[in-house]
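Down below is the structure, laid out as structure tokens.
The values are calculated or read from the model by the stated rules, or taken from the named source; none is laboratory data. This one's a predicted model, so the numbers in the text were calculated from it and none came from an experiment. Cβ sites come from the backbone with ideal geometry, for glycine too, and all protein chains shown count toward neighbours. Surface accessibility is based on the protein's heavy atoms, side chains included, excluding ligands, DNA and RNA. Shrake-Rupley method; radii C 1.70, N 1.55, O 1.52, S 1.80 Å.
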Amino acid sequence: MSQKSVCVFCGSRPGKDPAFTHDAETLGRGIAQAGMRLVYGAGDVGLMGTVARSVQAAGGTTFGVIPQHLVAREIGKTDLNTYVVTETMHERKKVMFMNCDAVVVLPGGAGSLDELFEVLTWRQLGLHENPIYIVNTNGYWSKLMSLMNHIVDSGFADASVLGFVTMVDDAAGALHALEGVFGTDS
């Protein structure tokens, strides 16, 4: 069985709640311990850097993708197993997604939302069947789920869109869900 890859979308900032960093560390360590590969935005800042460093510290494999214009701003992490520099943000998202088997979304800002909604839209259109997990650390994404329900209730999406994402309470919940999908020999 080939190594499974998990694409993690998350903030390029740490956020104000220490639980965000804790979940990033837990997720990174767990990805490595389960034998999965991390696919992420190749930055060494914020939650992105925390996840990658945690994977590396636990002996895991990393695959990072960063657009040229963010190399300095997000401090491109060149010590990854695979480090890809793209021309555009869109190309970054495409390369990240094309190299993963599942998506996990930790707390983040507009960029994380953009990434989430792109892969969610692709799923809605039938372009992939990869699972998408949203880590709702201390209720961070609860209002997002309320918005998604509002979109469905207002008739702008079929209720099936809600089934394309799975909300979990923390990184441990995401790791448990991934193990359920991939088994323990990722």
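Using the Cα centre of the stretch 68-186 as origin and beta-carbon charges of +1 (Lys, Arg) and -1 (Asp, Glu), tell me which of Leu144, Ala110, Val95 is placed farthest towards the positive end of the dipole.
Ala110
Can you bin every Cα-Cα distance in the stretch 1-66 into 5 Å intervals starting at zero and give me the percent of pairs per bin, rounded to whole numbers?
Final binned percentages: 4, 21, 33, 24, 12, 4, 1, 0.
Taking Cα centroids, how far is the stretch 133-158 from the stretch 1-41 in Å?
Taking the Cα centre of the stretch 1-41 as reference, the centre of the stretch 133-158 is 22 Å away.
Distances longer than 11 Å among the Cα atoms of the stretch 113-157: what percent of all pairs is that? Kindly include the intermediate steps, with their values, before the conclusion.
On the way: 714 of 990 pairs.
Of the Cα pairs, 72 percent sit more than 11 Å apart.
Over the stretch 1-123, with every protein chain in place, what whole percent of the accessible area is carbon and sulfur at 1.4 Å, could you tell me?
Of the solvent-accessible surface of the stretch 1-123, carbon and sulfur hold 51 percent.
Evaluate the relative contact order of the chain (contact order divided by residue number), counting alpha-carbon pairs under 8 angstrom at least 6 apart; express in whole percent.
On the way: 363 pairs, mean separation 45.9, N = 186.
It rounds to 25 percent for the chain.
Looking only at Gly76, Gly43, Gly163, which one moves most when the chain is put into a Gaussian network model with springs between Cα atoms under 10 Å?
Result for the chain, Cα springs under 10 Å: Gly163 fluctuates most.
Taking amide H atoms as placed 1.01 Å from N in the peptide plane, list the residues 5 or more away in sequence, or in a different chain, whose amide H sits under 5 Å from that of Ser5.
Counting only residues 5 or more places away or on other chains, the set is Arg37, Asp101, Ala102.
Of all alpha-carbon pairs in the stretch 93-186, indicate the percentage at a distance above 18 angstrom.
Numbers: 2018 of 4371 pairs.
I get 46 percent for the Cα pairs in the stretch 93-186 exceeding 18 Å.
So what does His90 come to for accessible area, using a 1.4 Å probe and Å² rounded to 10?
100
At 4 °C and 1.567 mPa s, what whole-number value in µm²/s does Stokes-Einstein give for the translational diffusion of the stretch 72-120, with Rh from the Kirkwood sum over Cα pairs? Mind showing how you got there, number by number?
Working: Rh = 12.2 Å.
Rounded to a whole number, D works out at 106 µm²/s.
Once every Cα of the stretch 36-79 carries one equal point scatterer and solvent is ignored, give the base-10 log of I(q)/I(0) from the Debye formula at q = 0.18 Å⁻¹, two decimals.
Log10 I(q)/I(0), no solvent term: -0.43.
Over the chain, give the accessible area per residue in Å² for a 1.4 Å probe, as an integer. Walk me through the numbers before you get to the answer.
On the way: 8710 Å² over 186 residues.
So the chain comes to 47 Å² accessible per residue, rounded to a whole number.
Could you tell me what percent of the accessible area of the stretch 133-186 is made up of carbon and sulfur, with a 1.4 Å probe and every protein chain present?
On the way: 1550 of 2930 Å².
Result for the stretch 133-186: 53 percent of the exposed heavy-atom area is carbon or sulfur.
At Met145 and Met89, where each label point lies 7 Å from the Cα along Cα→Cβ, what is the point-to-point distance in nanometres?
With each label point 7 Å from Cα toward Cβ, the separation is 2.7 nm.
Under a 1.4 angstrom probe, counting protein chains only, how are Val45, Val105 ranked by accessible area, largest first?
Details: Val45 30, Val105 0 Å².
Sorted by accessible area, descending: Val45, Val105.
Contact order normalised by length for the stretch 1-56, with contacts defined as Cα pairs under 8 Å and 6 or more residues apart; what percent is it? Show your work: numbers first, answer last.
Working: 85 pairs, mean separation 26.0, N = 56.
Once normalised by length, the contact order is 46 percent.
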